[in-house]
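For reference, the structure is listed below as structure tokens.
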Amino acid sequence: MTRDARAFWLRAPGEGELRPVDLPPPGPDEVLVRTRFSGVSRGTETLVFAGRVPADQHAAMRAPYQEGDFPAPVKYGYLSVGTVEAGPDALLGRTVFCLYPHQSAYVVPADAVVVVPERVPAARAVLAGTVETAVNALWDAAPLVGDRVTVIGGGMVGCCVAALLAGFPGVRVELVDADPARAGVAAALGVDFALPADAVGERDMVVHASATAAGLQRGLDLLRPEGTVLELSWYGDRPVILALGGAFHSRRLTIRSSQVGTVSPRRADRSYADRLALALDLLADPAFDALLTGRSRFADLPDVLARLASGRLSALCHLITYDEE
């Protein structure tokens, strides 16, 4: 049984390392999980890696099992899938998802893990946290049958939103991204694709997830009168400048934020656990495999995050494997 582990820490902005961890024996209501896969949430984690979490957001941006504080040293991450090696009989040997940082094994309360459905491959299950964000966004957005919806930003969050919207009756979805290579991902998800200059206008709703001011501005430009941009981007410490002197007021447009830290008020009867369980159920769709665009060994994670943060490595969700542990 696993009794020691290694964890990824951000030693200083732009500098990561693996550190040894001595695991405590699990208590009666705890589980010991041996990690099989974790996922790098590229947008958020590269901002953390670069030390760009604004000071006034340090508390709000804490991950559930984060250690240390922003900007560094800090242990951060929240997309982990592993096997229960010790704990309640009902969980022994089960594949589970946990909002835990990148670490080869860990001990957490039994109610902190969610069993991955058998029809969902363990590697795909690392997307559960991002699909959960997309679920919450669509609870906030409440699209209607027949809506014309554009998703701007073909990253993890944008692609997860597009994948879910593709299943809504009569909803026509267009994924917009500046990278022409995202057209292949859009096709795999069953939605249309356009470069920003070619995007279709007069949309009922735009979901914005590009984390750029230009993307948000383009989203406003694409709306019909009374349309809404649902803003999912997190900009870190970057200012956002918009041109609101034109049609913004005359067309009565709306910008509305959505954030996964709170369950949408439209679903006040659902818990965080309900939302995460739904996300895992939705991952039975093999279309989500299009979001797993690379994999690396856990031992290489410090270099992988440096390359992701600098743009030398392109990815949607980069999969980290722990077989060598």
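The values are calculated or read from the model by the stated rules, or taken from the named source; none is laboratory data. All figures in this text were calculated on a predicted structure; none of them were measured in a lab. We place every Cβ from the backbone using ideal geometry, glycine too, and count neighbours over all the protein chains shown.
Some points to look at:
- Note on the stretch 8-63: among residues that are in contact with a Ser or Thr (Cβ under 8 Å, 6 or more places away or on another chain) and of a type in the set (S, T, N, Q), the one that is nearest to Ala86 (Cα to Cα) is Thr35.
- Of all residues in the stretch 30-76, those being over 16 Å from the mean Cα position of the chain (by Cα), modelled with pLDDT under 95 and of a type in the set (Asp, Glu) number 1.
- All of Ser258, Ser271 fail the test of being touching a residue at least 12 places away in the same chain (Cβ under 8 Å) and closer than 21 Å to Leu99 by Cα, apart from Ser258.
- Filtered residues of the stretch 45-64 (kept if in a helix (DSSP H, G or I) and touching a Phe, Trp or Tyr at 6+ places or on another chain (Cβ under 9 Å)): Glu45, Leu47, Val48, Phe49, Ala55, Gln57
- Applying the criterion of at least 3 residues that are modelled with pLDDT of 95 or more and touching a helix residue (DSSP H, G or I) at 6+ places or on another chain (Cβ under 7 Å) to the helices (runs of 4 or more DSSP H) found wholly in the stretch 120-230 leaves 128-141, 156-165, 182-189.
- Residue match in the stretch 105-113 (condition: closer than 20 Å to Arg297 by Cα and either crowded, with 21+ Cβ neighbours inside 10 Å or out of contact with any strand residue (DSSP E or B) (no Cβ under 6 Å at 6 or more places or on another chain) (or both)): yes
- Of the residues making up the stretch 296-322, those that are touching a strand residue (DSSP E or B) at 6+ places or on another chain (Cβ under 8 Å), under 22 Å from Gly82 (Cβ atoms) and free of Cβ contacts under 8 Å to residues at least 60 places away in the same chain are Ser296, Arg297.
- In the stretch 143-177, residue nearest to His318 (Cα to Cα) [restricted to those that are of a type in the set (Gly, Ala, Ser) and within 20 Å of the chain's Cα centre (by Cα)]: Gly155
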